[in-house]
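The values are calculated or read from the model by the stated rules, or taken from the named source; none is laboratory data. This is a predicted model, so every value here is computed, not measured. In this analysis, Cβ positions are derived from the backbone assuming ideal geometry, glycine residues included, and neighbour counts consider all displayed protein chains. To get the accessible areas, we keep the full protein, side chains included, count just its heavy atoms, and leave off ligands, DNA and RNA. Shrake-Rupley method; radii C 1.70, N 1.55, O 1.52, S 1.80 Å.
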Amino acid sequence: MSNNQSSSGVVTPLPGTNNAQAARGFVRSVNDWLMECALDDTDISELLSGMASRLVASGIPIDRVMVAFKTLHPLYEGVSYIWTKENGQVVRTTHMGDDEKDRDWAESPMKWMLDSDVSFMRRHLIGPSAVVDFPILETFRRQRGTDYYALMTPFVTDSDSTLNSNRIFMTYLTRRPSGFSDEDLAILSGIQRRFAVSCKMRINHEETRTILETYLGTDAGQRVRNGQIKLGDSTKTRAVIWFSDMRNSTSVATHVGDDAFLGEMNDFFGATAGAVLKHGGQVLRYIGDATLAIFPIDEDETNLETACYAALYAAAEAQLNIDALNARREEVGKLPFDYGLGMHVGEVIYGNVGVSERVDFTVVGQAANEAARIEQLTKQLGRRVLVSSTVARFISCPTEEMGAYELQGTGVSLKLFAPDFSETCHRIELMRSA
């Protein structure tokens, strides 16, 4: 246990840091705690809050601390965590990362440090030695800030990648009239590298999770992280199975050209697969311009109706999304999207196939094949959406019985139904407007 922490976990003040020996002892105790956090994979918010509380308890006059770094994520590029003494809370903010348009970043001390390859910077904000040369420093001075200290610690995330370098920025602000003392700055500098190590461990953890969930989906990514990586590892899941496919992809590709077609596919998936995710489904695979997804059912099937209900709303939302997207496409002279969707209930097996050097986490099973064959019949029967009898029984919208059809290549004949989403779409539009 660190010597500045009681058995109850409450940080207690050290016996002063007004001499070099006490300061070195404090730095060692905080660094030891930071290494424990690195081994425990402590969340960065908890890491920052814990460190700030230790600094305040020891008499270091910090009123605001910020940690910032780049991260690997499909939606944003950077993350910052800000702790303030006023409320003792940490606020996490994501940043889009468009450097050319982000004026706050372009005019920040951190951008200057990065461009100048400077590892630390200090600015007095009041008195004869004050230097307020960045807009944010003027803001801090208006907020009664007196002294500002910034540190930058570079580290390597992947030596084999062209994007192998990252940096952790750490900034401190005090309102103490006399500012930071030399001893304060020495302590803050003394814990910086260990804090960066702890952050790096968590950053690598988060990036690994992001990569797996982005490419495999939330559930599959979690299973792989938990060790399901051997050939033959598999899991059976009963679910409402969703299989949707773009009907006119060849025409759209011809119309826009190969270079632009990837963007077209992303728009289409945003409207269809995006609806699945919004309503709690799991996208398992993209197969060309098709989507295979599931709405899992519990082993005792107590949530069968709930899963069918969620799939119904996802299908209605996809229909609204496609119709709205097509209206915008018509305005700019693009071909409209069309699609088919088949939904079925059954058991799927998803797990690892391939060879030991290259494994794919995929989905197999008779029910998944049947859902794909149901989708193929949507064009023949002139309906966007067809569902099997089990789905039809549990969805709360009118359905039209289309008859029994043999599903190609399966030897199975199923009675199919075409749902009418009119009322469901109306409910969704009301929720959107609310």
Distance between the stretch 281-303 and the stretch 365-434 - C-alpha centres, whole angstrom: 15 Å
For the chain, please report how many Lys pairs fall under 20 Å Cα to Cα, leaving out neighbours fewer than 8 apart on the same chain. 5
Cα axis of helix 182-216 to longest principal axis of the chain: angle in degrees, 0 to 90, nearest 10? 10 degrees
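Subtract the Cα-Cα distance of N204 and T94 from 0.36 nm times their separation in residues, and report this length gain in nm to one decimal.
Answer, rounded to one decimal: 37.9 nm.
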Report L262's accessible area, 1.4 Å probe, all protein chains in place, as a number in Å² to the nearest 10. 110 Å²
Whole number please: convex hull volume per residue, Cα atoms of the chain, in Å³. 213 Å³
So the angle from the long Cα axis of helix 44-57 to the longest Cα principal axis of the chain, reported in degrees to the nearest 10, equals 20 degrees
Using alpha carbons only, how many degrees (0 to 90, rounded to 10) separate the axis of helix 366-381 from the longest principal axis of the chain? 60 degrees
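Return the Rg/Rh ratio of the stretch 289-434 with Cα-based radii and a Kirkwood Rh.
Using Cα coordinates only, the ratio equals 1.01.
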For H255, put the label point 7 Å out on the Cα→Cβ axis and report which residues of the stretch 360-390 keep their amide N under 19 Å from it. 379, 384
With 0.36 nm assigned to each residue of separation and the Cα-Cα distance removed, D32 to A186 gains 53.7 nm
Tell me, rounded to the nearest percent, the portion of alpha carbon pairs in the stretch 354-408 spaced more than 18 Å apart. 46 percent
Give me the one-decimal nm value for the distance between modelled label points at E406 and E77, 7 Å along each residue's Cα-to-Cβ direction. 5.8 nm
For the stretch 312-434, what does the accessible surface come to per residue with a 1.4 Å probe? Please give it in Å². 48 Å²
In nm, spacing of pseudo-spin labels at I287 and H426 (7 Å Cα→C-beta vector): 3.6 nm
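At 222 nm, what value in deg cm²/dmol follows for the chain if DSSP H runs of at least 4 each add -39500 (n - 2.57) and the sum is divided by all its residues, to the nearest 500?
-14000 deg cm²/dmol
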May I ask for the longest run of the chain untouched by GluC sites (Glu not before Pro) that are loop-located per DSSP and have at most 10 neighbouring C-beta atoms (other than their own) within 10 Å? 101-298
With every protein chain in place, the chain: carbon and sulfur % of accessible area (1.4 Å): 50 percent
